[in-house]
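Below: one structure in structure tokens.
The values are calculated or read from the model by the stated rules, or taken from the named source; none is laboratory data. Because the structure is a prediction, the values reported are computed rather than measured. Cβ placement follows ideal geometry from the backbone for every residue including glycine, while neighbour counts extend to all protein chains displayed.
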Amino acid sequence: MDQQSKVYSQVKNAFIRELLGELHGKRFLDYGCGAGIFSVYAALSGADFVLGVDAEQASLSTARYYAEREGMSCVCRFVSSDSLPSFTPQTVFDVVLMKDVLEHVAQDQALLDGIAEVLAPGGTLVISTQNSLSLNYLIEGTYRRILRRDKNWYGWDPTHVRFYTPFSLEAKLRKAGLTCAAWRSVYLVPYKLPAFPGSGRQFLRIDSLAWIDRTLGWMFPYSRMGWNIIVKAEGSRLVRSREWLRRPIFPFDLQAGYPETPT
């Protein structure tokens, strides 16, 4: 939760909110919901139903508390799972968010295929992930992977299993039947730097450089050149509509093995 107060996260979250678009009356899936920040945001924005899925019980407990605090428990439901739940054919979501998830997943194409199956015709998928076609990768990646010979370095989180480029990510989305509609980038120029020795701090943050992200992060080609790339993909409107299968309240059934988060 503290990370969300950092300028990097503020800029990224603003771009994500922009790409999610209008959520009023929508059904929203937050896959890898963490502490539920965007789940609750969707509920407060008028979403009819919000489902947050995450593997970490501590995160889900925080998300449930956050939803209760904001009076959104009647809209939000949180489920514990380390994979995409096995939804029934009746389940469709108008908007799906995967924020900093895909780079953790071994079978990423299978996950995207599964998301495409539950995305309503013309629905929106928003993904944020790390980009090896970025200045920070050129600098830090060269140091880590070449000078330090750490071939298993995949960014700031040791649980990452790969990097993407806009080209490789778009190819995977296209294979899942989705079309890329918009791109955004964050951290075009590194502004979280190692602190000077003896300063008593681990990092030196030059947050004023975030203006570069705000100014150029939505503009081609810079929108595909940041350390973090955010893409809005859309499902085809030509897919046979499943509107008649919708249920008015809680339009999903979870199979055994995907329990709700305990209160």
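Taking Glu140 and the conditions (1) surrounded by fewer than 20 Cβ atoms within 10 Å (Cβ to Cβ); (2) over 23 Å from Ile229 (Cα atoms); (3) of a type in the set (D, E, K, R); (4) touching a residue at least 24 places away in the same chain (Cβ under 8 Å), which numbered condition does it fall short on, given that it satisfies the others?
Every condition holds for Glu140 apart from (2).
Let me ask you something else. Which members of the range 190-220 meet the condition of being in contact (Cβ under 8 Å) with a residue 60 or more places away in the chain and assigned to a strand (DSSP E or B)?
Lys192, Arg205
Restricting to the range 175-219, name every residue that is in contact with a strand residue (DSSP E or B) (Cβ under 8 Å, 6 or more places away or on another chain) and closer than 24 Å to Ser236 by Cα.
Scanning the range 175-219 gives Gly177, Leu178, Thr179, Cys180, Ala181, Ala182, Trp183, Arg184, Trp218.
Go through the range 225-263 and count every residue that is surrounded by 14 or more Cβ atoms within 10 Å (Cβ to Cβ), at pLDDT 50 or above and either assigned to a loop (DSSP other than H, G, I, E, B) or of a type in the set (A, V, I, L, M) (or both).
The total comes to 8.
Which residues, taken from the range 20-60, are crowded, with 16+ Cβ neighbours inside 10 Å, of a type in the set (Gly, Ala, Ser) and assigned to a helix (DSSP H, G or I)?
If the condition is that a residue be crowded, with 16+ Cβ neighbours inside 10 Å, of a type in the set (Gly, Ala, Ser) and assigned to a helix (DSSP H, G or I), then Ser39, Ala42, Ala43, Ser59 are the ones that fit.
Now, a different point. Among the listed residues Thr165, Thr124, Thr88, which satisfies the condition of being more than 23 Å from Leu20 (Cα to Cα) and not acidic (Asp, Glu)?
Just a single option satisfies the conditions, and that option is Thr88.
Got a sec? Which of Ala120, Ala106, Ala116, Ala63 is at pLDDT 90 or above, of a type in the set (Gly, Ala, Ser) and part of a strand (DSSP E or B)?
Ala120
While we're here: Is it the case that some residue within the range 129-143 is modelled with pLDDT of 95 or more and within 19 Å of Asp54 (Cβ to Cβ)?
Yes; the residues of the range 129-143 include at least one that is modelled with pLDDT of 95 or more and within 19 Å of Asp54 (Cβ to Cβ).
A follow-up question, please. Within the range 159-179, which residues are surrounded by 12 or more Cβ atoms within 10 Å (Cβ to Cβ) and either among the hydroxyl-bearing types (Ser, Thr, Tyr) or within 28 Å of Lys6 (Cα to Cα) (or both)?
Result: His160, Val161, Arg162, Phe163, Tyr164, Thr165, Pro166, Ser168, Leu169, Thr179.
When you go through Arg77, Arg17 one by one, which is the residue that is buried (at least 19 other Cβ atoms within 10 Å of the Cβ) and either in contact with a Pro (Cβ under 6 Å, 6 or more places away or on another chain) or of a type in the set (Lys, Arg) (or both)? Walk me through how you get there before you give the answer.
On the way: Arg17 fails: buried (at least 19 other Cβ atoms within 10 Å of the Cβ).
Sole residue among the options that is buried (at least 19 other Cβ atoms within 10 Å of the Cβ) and either in contact with a Pro (Cβ under 6 Å, 6 or more places away or on another chain) or of a type in the set (Lys, Arg) (or both): Arg77.
Hey, can you tell me all the residues within the range 189-224 that are surrounded by fewer than 14 Cβ atoms within 10 Å (Cβ to Cβ), under 19 Å from Pro166 (Cα atoms) and among the aromatic types (Phe, Trp, Tyr)?
Within the range 189-224, Phe220 is the sole residue that qualifies.
Does the range 153-161 include one or more residues that are in contact with a Pro (Cβ under 6 Å, 6 or more places away or on another chain) and modelled with pLDDT under 95?
no
Only one of (1) under 16 Å from the mean Cα position of the chain (by Cα); (2) under 17 Å from Lys172 (Cα atoms); (3) small (Gly, Ala, Ser) is not met by Ser83, so which one is it?
Looking at each condition in turn, Ser83 falls short on (2).
Go through the range 109-128 and give me each residue that's within 17 Å of Tyr164 (Cα to Cα) and among the hydroxyl-bearing types (Ser, Thr, Tyr).
Correct list: Ser128 only.
OK, next. I'm trying to understand the selection: among the residues of the range 133-189, which are in a strand (DSSP E or B) and in contact with a helix residue (DSSP H, G or I) (Cβ under 8 Å, 6 or more places away or on another chain)? Quick ask: steps written out before the conclusion?
Of all residues in the range 133-189, those in a strand (DSSP E or B) come to 164, 178-186.
Those that are in a strand (DSSP E or B) and in contact with a helix residue (DSSP H, G or I) (Cβ under 8 Å, 6 or more places away or on another chain): Tyr164, Leu178, Thr179, Cys180, Ala182, Trp183, Arg184, Ser185, Val186.
Right, something else. Condition check: modelled with pLDDT under 95 and crowded, with 20+ Cβ neighbours inside 10 Å. Does Val11 satisfy that?
no
I'd like to know if the range 150-172 contains one or more residues that are closer than 18 Å to Ser223 by Cβ and of a type in the set (D, E, K, R).
Yes, because at least one residue in the range 150-172 is closer than 18 Å to Ser223 by Cβ and of a type in the set (D, E, K, R).
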